[in-house]
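This report concerns only the one structure given below.
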Amino acid sequence: MEKKELLKKLQEALEFEYTDIFLYNNEAELFKKKIIDGDKIAKLYKNFALDEITHADIISKQIINIKGTPVWEYKNIPVSKSIRESLRSHLDREVAAYRNYTYLIEQVEDRELKVLLKGIRENENEHIKQITDFLKRLKI
Ligand SMILES: [Fe+2]
Ligand SMILES: [Fe+2]
């Protein structure tokens, strides 16, 4: 992969991570206040937000490593009104993140970057599993 293309992809991944950090934190606050028993999902989302911060840090450092400048931007996605809707939309986003990282892992040549991206992807896989579990329990 060309350096320019790699920078673009890493920047997109960074923006995706930041968007999720804001979304998870905002929804955690919202559900904690407004929904009875909202504590569980708030805790889950807060933990996910912390993981996404770690991912954003790793990606920022990698952008700097290849002499790029990380841009701290995020998309303003409206928060979901229900827990179910929120979980479904996060599941879609986590799957999208997993696929984007898979694409990057296949494309990059740098071994260290590959290992780091695999670690992030494994973490997104964990998010997918936990969201799926939460959704299943919600349906009972
Ligand atoms: Fe992430
Ligand atoms: Fe995630």
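Observations
- Here the sum of -39500 (n - 2.57) over DSSP H runs of 4 or more residues, divided by the residues of the chain, equals -29000 deg cm²/dmol at 222 nm, to the nearest 500.
- Chymotrypsin sites (Phe, Trp or Tyr not before Pro) restricted to DSSP loop in the stretch 35-140 with at most 13 other C-beta within 10 Å: Trp72
- Among the trypsin sites (Lys or Arg not before Pro) in the stretch 73-104, those placed in a DSSP loop whose Cβ has at most 14 other Cβ atoms within 10 Å are Lys75, Lys81.
- Alpha-carbon centroid distance for the pair the stretch 5-49 / the stretch 67-113, whole angstrom: 11
- In plain terms, the chain from Arg88 to Lys61 could stretch by 6.6 nm, reckoned as 0.36 nm per residue minus the Cα-Cα distance.
- Debye, to nearest 20: dipole size of the stretch 3-139, +1 on Lys, Arg Cβ, -1 on Asp, Glu Cβ: 340
- Added length on full extension, which subtracts the Cα-Cα distance from 0.36 nm per residue, Phe22 to Glu106: 27.4 nm
- Modelled spin labels at Thr54 and Glu29, positioned 7 Å past Cα toward Cβ, are 2.4 nm from each other.
- Each pair of Cα atoms in the chain enters the Kirkwood radius, and Stokes-Einstein at 37 °C and 0.692 mPa s then converts it into a translational diffusion coefficient of 210 µm²/s.
- Take every Cα pair under 8 Å whose residues are at least 6 apart in sequence, average their separation, divide by the length of the chain, and the relative contact order is 28 percent.
- Over the stretch 68-137, the hull volume per residue, using the convex hull of the C-alpha atoms, is 94 Å³.
- In loop segments of the stretch 82-140 as defined by DSSP, the GluC sites (Glu not before Pro) with at most 16 further C-beta atoms inside 10 Å of their C-beta are Glu109.
Values in this text are rule-based calculations from the coordinates and carry no lab data. All values reported here derive from a predicted model rather than from experimental measurement. Positions of Cβ are backbone-derived with ideal geometry, glycine not excepted, and every protein chain shown enters the neighbour counts.
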